[in-house]
């Protein structure tokens, strides 16, 4: 019964019937998480935007095959994962420097580049930028599957079980991937973690 | 990974979101009893803070409009209803048609071979000479009506032969 379904699944049932308004609601809701995931995997703003767009087009085209029993976000992130994997494989076959990377020689993601430059000159901001660069580099050096696991881990709407579904592996393997990724990051960013150079802003830990 | 399930649970929660006041207090209490874990716990907390502060990707203001435009173009280019279904089923139908055509061709070949074998056998039969000349059968009735030799006659002939043998020195 539609009443028992998650609201996104109800919207998807409308999308299945060709309702673009329902589709628009879903795009608005998930565009940022999908773009973030693509960006963290591909580390290229332009490619991530194109990929996120393709994800939603794919959602529209595959709406007929969507089973309302599956949680929409799990299905959506699985599509995102598949397209990212394809892109990573394509890159491996045809390695080439992207325009985005050429524009950002310091490795900082293009998305935050403009904002940071506007605030350059403030020492805290410079320090933050330097740390961000280190973190971005450390993340980019992780194996793609660990990077994906870590990125999905930050999607609050997904449970560990759902992350495992998106990754296509068991729950214990998923937690192991996240653990290994975090251990690598801790080792790589040890100086910053020990000195507390990274000021805490959010959350009570 | 740490073996204590409560601490492990708190760690896994920390991987995903900041802990609530209650969870943080439970974690602090556990760490107070296990000082050997404090360094790693501090690193875990700092890493979680770093990852939580990772900036989001910059979202283009016209993203949704772009997606909807592409979808609208898709809708116009993709025919609805039976034509869409036909497009989806076309590859499967093509495969099925190929399989059927291959099967038909194989069957036809087999029939052709059988027919050729039959034709060869028929030719062989035609080439075989007739067993009886029709001229031979012209006197068939006369021969059939000739008296058949009887067993008695044969016995008389044998006795006569024995007598002749006895007379010979």
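The values are calculated or read from the model by the stated rules, or taken from the named source; none is laboratory data. This is a predicted model, so every value here is computed, not measured. Please note: Cβ atoms are built from the backbone with ideal geometry, for glycine as well, and neighbour counts cover all protein chains shown.
Here are the numbers for this structure:
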quantity: Residue check, residue B:95 surrounded by 12 or more Cβ atoms within 10 Å (Cβ to Cβ) and either within 33 Å of the chain's Cα centre (by Cα) or within 14 Å of chain A (Cβ to nearest Cβ) (or both); calculated: no
quantity: Filter result (out of contact with any helix residue (DSSP H, G or I) (no Cβ under 6 Å at 6 or more places or on another chain) and assigned to a helix (DSSP H, G or I)) within segment A:164-179; calculated: A:172, A:173, A:175, A:176, A:179
quantity: Matching entry among B:10, B:14, B:37 (being in contact with a strand residue (DSSP E or B) (Cβ under 8 Å, 6 or more places away or on another chain), surrounded by 13 or more Cβ atoms within 10 Å (Cβ to Cβ) and within 16 Å of residue A:182 (Cβ to Cβ)); calculated: B:10
quantity: Restricting segment B:3-38 to residues that are part of a loop (DSSP other than H, G, I, E, B) and more than 27 Å from residue A:157 (Cβ to Cβ), the residue that is farthest from the other protein chains (Cβ to nearest Cβ); calculated: B:34
quantity: Single unsatisfied condition, residue B:74 versus (1) surrounded by 16 or more Cβ atoms within 10 Å (Cβ to Cβ); (2) under 27 Å from residue A:22 (Cα atoms); calculated: (1)
quantity: Members of segment B:51-81 found to be in a helix (DSSP H, G or I), modelled with pLDDT under 85 and within 7 Å of chain A (Cβ to nearest Cβ), listed by number; calculated: B:74
quantity: Scan of segment A:154-166 for residues that are within 18 Å of residue A:40 (Cα to Cα) and either surrounded by fewer than 20 Cβ atoms within 10 Å (Cβ to Cβ) or in the same structural domain as residue A:7 (by TED's automatic domain parsing) (or both), ordered by number; calculated: A:154, A:155, A:156, A:157
quantity: Count - residues of segment A:4-39 that are farther than 17 Å from residue A:57 by Cα, at the interface with another protein chain (Cβ under 10 Å from one of its Cβ atoms) and modelled with pLDDT under 90; calculated: 0
quantity: Lone qualifier among A:58, A:53 - being surrounded by fewer than 18 Cβ atoms within 10 Å (Cβ to Cβ), more than 18 Å from residue A:139 (Cβ to Cβ), within 13 Å of chain B (Cβ to nearest Cβ) and at pLDDT 85 or above; calculated: A:58
quantity: Residue match in segment A:135-153 (condition: at pLDDT below 85, part of a loop (DSSP other than H, G, I, E, B) and exposed (fewer than 15 other Cβ atoms within 10 Å of the Cβ)); calculated: no
quantity: Checking residue A:80 against (1) more than 12 Å from chain B (Cβ to nearest Cβ); (2) at pLDDT below 90; (3) part of a helix (DSSP H, G or I), the condition it does not meet; calculated: (2)
quantity: Filtered residue count, segment A:40-50, keeping only those that are more than 7 Å from chain B (Cβ to nearest Cβ) and in contact (Cβ under 8 Å) with a residue 60 or more places away in the chain; calculated: 5
quantity: Filter result for residue B:48 (surrounded by fewer than 17 Cβ atoms within 10 Å (Cβ to Cβ), within 7 Å of another protein chain (Cβ to nearest Cβ) and either touching a helix residue (DSSP H, G or I) at 6+ places or on another chain (Cβ under 9 Å) or part of a loop (DSSP other than H, G, I, E, B) (or both)); calculated: no
